[in-house]
Amino acid sequence: MPAATLHVTFTVIAKGDVLHRVHQDKYQPDQFNPGVHGNARFSPIQDDQGRAIPTLYGGTTVDCALMETVFHDVPHTAGFKSFDKGKLTGQVHSAVQVSQPLHLVDLSSVPLRKLGITRKQLIDTEKDQYPATRKWAEAIHRQCPDAQGLSWVSRQDDLARAVVLFGDRIPDGALHPQGASRSLTGDSTVFDTVLNLAERIGVVIIAGKS
């Protein structure tokens, strides 16, 4: 459980940096998930008044965004692995540019020592531990009014960082969409990116039942 007083370290997303997102096509590139439903590592969460905190997940690269979403559950097994193309239906890639510095709590390995929890307990967990990891997100939000989100080295792609932004702490206009969202399957350039990553993780995308 989070301590009564958390010792956090901040990291900054600089003005001009770009975040990549993979999300359902019902959301706009810069639109936050209202935070009512779902089961993710750091969402849905509530503030100290019991109100849902809108959240927006992103990654510093397209590969990271894909690995943290559509390829999240691909097993670490050798040999043939198939992936149902239908799981990509309704999913889009968006890029948003940050128009002002954003201050996020750093959850990489060194700052986690000061925070008092291991990466294995917070980042490298399976889904059955998500209720516990969400309590840490809520505690950080509650104790750190300057925290606009969280940042960590992606579990799925350790060459990049993943972030979750707290919608109640991000000013309007802080995220600028870089063009329209692009379908993972309907946009040939994006689908080529998906296929390239699939090859690198040993996955063959096939037309399935979805």
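Some observations on this one:
- Look at (1) modelled with pLDDT of 95 or more; (2) closer than 14 Å to H141 by Cα; (3) hydroxyl-bearing (S, T, Y) and you find that T5 fails only one, number (1).
Conditions (1) surrounded by fewer than 21 Cβ atoms within 10 Å (Cβ to Cβ); (2) free of Cβ contacts under 8 Å to residues at least 12 places away in the same chain; (3) within 19 Å of L88 (Cβ to Cβ), marked per residue:
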residue	(1), (2), (3)
N39	yes, no, no
S43	no, no, no
Q46	yes, no, no
A52	yes, no, no
Y57	no, no, yes
A65	no, no, yes
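- R142 being farther than 27 Å from R182 by Cα, out of contact with any helix residue (DSSP H, G or I) (no Cβ under 8 Å at 6 or more places or on another chain) and without any contact (Cβ under 8 Å) to a residue 60 or more places away in the chain: no
- Qualifying residue in the stretch 146-156 (condition: of a type in the set (S, T, Y), surrounded by 15 or more Cβ atoms within 10 Å (Cβ to Cβ), on the phi < 0 side of the Ramachandran plot and more than 16 Å from the chain's Cα centre (by Cα)): no
- Scanning the stretch 23-62 for residues that are more than 12 Å from the chain's Cα centre (by Cα) and not in a loop (DSSP other than H, G, I, E, B) gives Q24, Q46, A52.
- Filtered residue count, the stretch 61-87, keeping only those that are over 29 Å from G173 (Cα atoms) and either in contact with a Leu (Cβ under 6 Å, 6 or more places away or on another chain) or of a type in the set (A, V, I, L, M, F, W, C) (or both): 5
- Scanning the stretch 187-201 for residues that are surrounded by 15 or more Cβ atoms within 10 Å (Cβ to Cβ) and not aliphatic (A, V, I, L, M) yields D187, F191, T193.
- Among all positions in the stretch 100-119, there is no residue which is at pLDDT 95 or above, in a helix (DSSP H, G or I) and acidic (D, E).
- Checked against (1) among the aliphatic types (A, V, I, L, M); (2) farther than 29 Å from R119 by Cα; (3) surrounded by fewer than 18 Cβ atoms within 10 Å (Cβ to Cβ), L184 passes all but condition (3).
- Scanning the stretch 110-125 for residues being more than 13 Å from L6 (Cβ to Cβ), in contact with a Lys or Arg (Cβ under 9 Å, 6 or more places away or on another chain) and not acidic (D, E) gives a total of 3.
- Meets criteria (closer than 22 Å to H20 by Cα, among the charged types (D, E, K, R) and touching a residue at least 24 places away in the same chain (Cβ under 8 Å)) for D84: no
- Per-region count, the stretch 73-87, residues within 30 Å of P2 (Cα to Cα) and modelled with pLDDT of 95 or more: 0
- Every residue from the stretch 71-90 that is surrounded by 13 or more Cβ atoms within 10 Å (Cβ to Cβ) and either of a type in the set (K, R) or on the phi > 0 side of the Ramachandran plot (or both): K81, K85, K87, G90
The values are calculated or read from the model by the stated rules, or taken from the named source; none is laboratory data. These figures come from a predicted structure and were not determined experimentally. Positions of Cβ are backbone-derived with ideal geometry, glycine not excepted, and every protein chain shown enters the neighbour counts.
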